[in-house]
Amino acid sequence: MKIRIGKLDVFIVIAAAICLVFGIVMWAAFSSIYSNLVIQNLRLTINTDSSLGYSAFQYTNPQVDNVMKFYFFNITNPDEVKYYSAAPSLVEIGPFAVKESEQKKYIDFNGDKSQMFYQNYKRYILSKDYSCDECDWDRNIVFPNPPGLGAVGSMIDPQFQITRTGRTIIATALMILGEYPFVSHKVREVLFDGYEDALLSAAHSGIVTILSGIYKGDGGSIVPIPIPQMPKFGYFQGYNNSRDEEYWIETGKTNINQIGEVKKWAGITELPASWWTTPEARSIRGSDTGSFTQMHLDESSTADMFFSFMCRSFTKTFYRKETIQSIPTMGYHIGYDEWDTTSDKNVGFRYRNVEKRNYFPQWPKCAPKGQCQQSGSIDCSKKINFCHACCDGSHYNGTYLLPPGMFPLVCYPGRLQPTPFAVVYSPPHFLFSPDEVRSTVVGMAPDAEKHEPMIYNHETYSGTTLRVINRLQVNMPVIKSHDVPSSQNMPNVMIPLFWQEATPVFHQFIFNQVWLGFVLVPRLMQVLQFVAIGLGLLLLAILFFLQLRKGDSVKPERKSSLETTSHWLSSTSSNQSGGLRRM
């Protein structure tokens, strides 16, 4: 069969080849091309004109409104607690909301542009939009007195070596200054504005400064216990329009999955040994507050993060999948294991409890014990042995361990300075703690949906952060002290002060860009690959069909020609025969 090729056939062949080549090339190369483009856009870079690249600019000038909601615990029975050791009765009030804005300044890069330097400045503005309708910033709340109770705790801290006479002097000073276990102040004062405190005012007074210079020299103090470096007291007093410590982070140049990893904070690569007792606890790991994570996330992925506000690092693990504004995300959280200081891996985060108080006498619950047979071989610091016959529950090494779900604050949040009084962090309403913790106060009602401490949702391909929920409760140990008259009848109890929820509200264009780049484009290219290959194969099928039709049209034509020729030959033969006969 002879194949006849026309202009239409040539056009179809060319079109089919183009479609097939495009489809196959995109099938084989799109993943690599797309990944390289994503990596180039994710890296923190600086342009030749010294302007910041897109990702670096977005990181240093976040296009988000960070909303911080504060829920305060108002103590309704302070006299019963103070005089009769009653369990504190708490009523939650809030949310009182503020908008936090931040900007990273003094950006710099190292020689090979693999690391970036910045200082993180923050500003807070009171917000009525996100506060409850009845939340009045001038409302008074009753709460434990941090400076006064901190002084009571510091008196018995061995590191300050306060003698009995010294404790008597401090106790007398506290009584004269009117430092009582509970105080009442306005919410705005408690949070940012600060309020006058007699102990702070006295410690920072001119006469104390002069006497300290005379007897202790420059930088010394005649006050034998640590005093907060603030003229007024407030949970965030002095933090507005201030900055965190300095950072050096990875830009992702050498490894995109290390982008944002903190290399130095406050000029150090490891947290002080005076804060945490093990190298693991002191390590500075991951990105700043979980801003970045690796690409190609799945349920087995984990990510480290350094949270300077809490003076430690965490590891995020899978929580649940969610779709946010039509974008598939992987949700990760700081789960129970990260808050359990009774576990072996978190031993470095344990509260030192130098005051040697048992804040939770009902924990742990142990069955009746038999006789101890092998005390020398049992490690009573391990959770598994708390109820062993040779161990004494939470009592270990002369003090008491805290239950799961809490760890101490060891520094001023975000600063390389030790805190002057004891504070303990936990999830809101002691979510990760046993019932024996929650029963020591009245008013705790943990709900996992409302109080899960830290949740991060990332777009799965690039790791882009699309939602963050940070929740944290601040608690204060309150102790009975026979040295201080106002604390002689107090219970040994951990009292919640407040809990906060911080949620960045991302601008809509961020979701639009992420959806366009990581949802629409990959789907569109996948569809184009199948369409191109399918169209190419369809064109080849059409060409083959057309060639078959052409072949079929040639056969009848040839048959007709043969019949005509045969008929002509037959006629010619007949005519010749007739002529011969006539002759």
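The values are calculated or read from the model by the stated rules, or taken from the named source; none is laboratory data. This is a predicted model, so every value here is computed, not measured. Cβ coordinates were reconstructed from backbone atoms using ideal geometry, including for glycine residues, and neighbour counts include every protein chain displayed.
Things worth noting here:
- Checked against the criterion of being in the same structural domain as residue 459 (by TED's automatic domain parsing), charged (D, E, K, R) and either part of a loop (DSSP other than H, G, I, E, B) or under 30 Å from residue 521 (Cβ atoms) (or both), segment 361-379 contains not a single residue that satisfies it.
- When restricted to residues that are over 30 Å from residue 466 (Cα atoms) and out of contact with any Phe, Trp or Tyr (no Cβ under 8 Å at 6 or more places or on another chain), segment 423-455 contains 5.
- For residue 303, the requirement of being under 17 Å from residue 463 (Cα atoms), surrounded by 16 or more Cβ atoms within 10 Å (Cβ to Cβ) and touching a Phe, Trp or Tyr at 6+ places or on another chain (Cβ under 7 Å) is met.
- Being more than 30 Å from residue 324 (Cα to Cα), in the same structural domain as residue 68 (by TED's automatic domain parsing) and modelled with pLDDT of 95 or more holds for only one residue in 436, 452, 459, and it is 436.
- So residue 190, is it surrounded by 21 or more Cβ atoms within 10 Å (Cβ to Cβ), in a helix (DSSP H, G or I) and at pLDDT 85 or above: yes
- Residues within segment 101-146 that are within 22 Å of residue 496 (Cβ to Cβ) and assigned to a loop (DSSP other than H, G, I, E, B), tallied: 9
- Scanning segment 544-558 turns up no residue that is surrounded by 10 or more Cβ atoms within 10 Å (Cβ to Cβ), at pLDDT below 80 and in contact with a Cys (Cβ under 8 Å, 6 or more places away or on another chain).
Rundown of residues vs (1) more than 18 Å from residue 71 (Cα to Cα); (2) touching a residue at least 60 places away in the same chain (Cβ under 8 Å); (3) not assigned by TED's automatic domain parsing to the domain that holds residue 247, yes/no style:
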| site | (1), (2), (3) |
| --- | --- |
| 118 | yes, yes, no |
| 124 | no, yes, no |
| 135 | no, no, no |
| 143 | no, yes, no |
| 147 | yes, yes, no |
| 152 | yes, yes, no |
| 173 | yes, no, no |
| 193 | no, no, no |
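- Check on residue 166, within 30 Å of residue 76 (Cβ to Cβ) and of a type in the set (Gly, Ala, Ser): no
- Note on segment 1-86: enclosed helices (runs of 4 or more DSSP H) holding 2 or more residues that are assigned by TED's automatic domain parsing to the domain that holds residue 234, surrounded by 14 or more Cβ atoms within 10 Å (Cβ to Cβ) and on the phi < 0 side of the Ramachandran plot are 78-84.
- Check on residue 403, surrounded by fewer than 21 Cβ atoms within 10 Å (Cβ to Cβ) and in contact (Cβ under 8 Å) with a residue 12 or more places away in the chain: no
A quick yes/no check of all residues on (1) in contact with a helix residue (DSSP H, G or I) (Cβ under 8 Å, 6 or more places away or on another chain); (2) in the same structural domain as residue 35 (by TED's automatic domain parsing); (3) under 23 Å from residue 420 (Cβ atoms):
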residue: 272; (1), (2), (3): yes, no, yes
residue: 289; (1), (2), (3): yes, no, no
residue: 292; (1), (2), (3): no, no, no
residue: 313; (1), (2), (3): no, no, no
residue: 327; (1), (2), (3): yes, no, no
residue: 350; (1), (2), (3): no, no, yes
residue: 355; (1), (2), (3): yes, no, yes
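- Against the test of being closer than 17 Å to residue 235 by Cβ, in the same structural domain as residue 240 (by TED's automatic domain parsing) and of a type in the set (Asp, Glu), the options 189, 179 yield a single qualifying residue, 189.
Table: residues versus (1) among the hydroxyl-bearing types (Ser, Thr, Tyr); (2) in a helix (DSSP H, G or I); (3) at pLDDT 95 or above.
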residue	(1), (2), (3)
274	yes, no, no
291	yes, no, no
294	no, no, no
306	no, no, yes
309	no, yes, no
313	yes, no, yes
318	no, no, yes
321	no, no, yes
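- Exclusive hit being of a type in the set (Ser, Thr, Tyr) and surrounded by 21 or more Cβ atoms within 10 Å (Cβ to Cβ), set 235, 247: 247
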